[in-house]
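Participant: Take a look at this one; I'll ask things after.
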Amino acid sequence: MDWSSELNNRICMVSQLRKYTDLSHDVEMKLNEIIKRHPMCIAPYYMSLIDWDNPSDPIKKIAIHSLTEFNIKKKHVEEKIHTMKSEIGGLHGEMAKAKRRLEEKEKKK
């Protein structure tokens with residue numbers, strides 16, 4: 001298969017995964033929700049490398065979203081962003097104080 005057919009035949013939807021593995025209705029629904037937030041596109045070549053009998057297959061783990069991604073809550077992410085902004089803001093404040101101290105020392109010289 002050449003690169004253009006790999007590109008044209010990539011797997012980007014849960015319905016396309018059915019050709020490769022059995023998924024329960026619940027798993028399909030969750031994967032569809034995940035793919036809305038985190039798009040998925042897998043080349044057929046990579047799909048052919050997956051060992052579907054191995055639940056820990058590294059290529060499968062990389063290519064297909066984990067259902068734990070479904071548990072990512074928007075509120076949780078917003079809280080993390082707020083915390084990070086607060087920490088960065090505090091760091092900026094400390095840097096500004098240190099800069100002022102250095103400037104004062106320079107003026108005294």
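Every number in this text was worked out from the coordinates using simple rules, so none of it is lab data. Since the model is a prediction, treat every value here as computed from it, not as a measurement. Neighbour counts are summed over all protein chains in view; Cβ atoms, including those assigned to glycine, are modelled from backbone coordinates with ideal geometry.
Participant: Which of the residues belonging to the stretch 36-64 are under 15 Å from the mean Cα position of the chain (by Cα), assigned to a loop (DSSP other than H, G, I, E, B) and among the aliphatic types (A, V, I, L, M)?
Facilitator: Within the stretch 36-64, Met40, Ile64 meet the criteria.
Participant: Take the conditions crowded, with 16+ Cβ neighbours inside 10 Å, aromatic (Phe, Trp, Tyr) and out of contact with any Pro (no Cβ under 6 Å at 6 or more places or on another chain) and apply them to Tyr45. Does it pass?
Facilitator: Criteria not met by Tyr45.
Participant: Taking the condition of being in contact (Cβ under 8 Å) with a residue 12 or more places away in the chain and of a type in the set (Ser, Thr, Tyr), how many residues in the stretch 16-73 meet it?
Facilitator: Looking only at that region, the number is 4.
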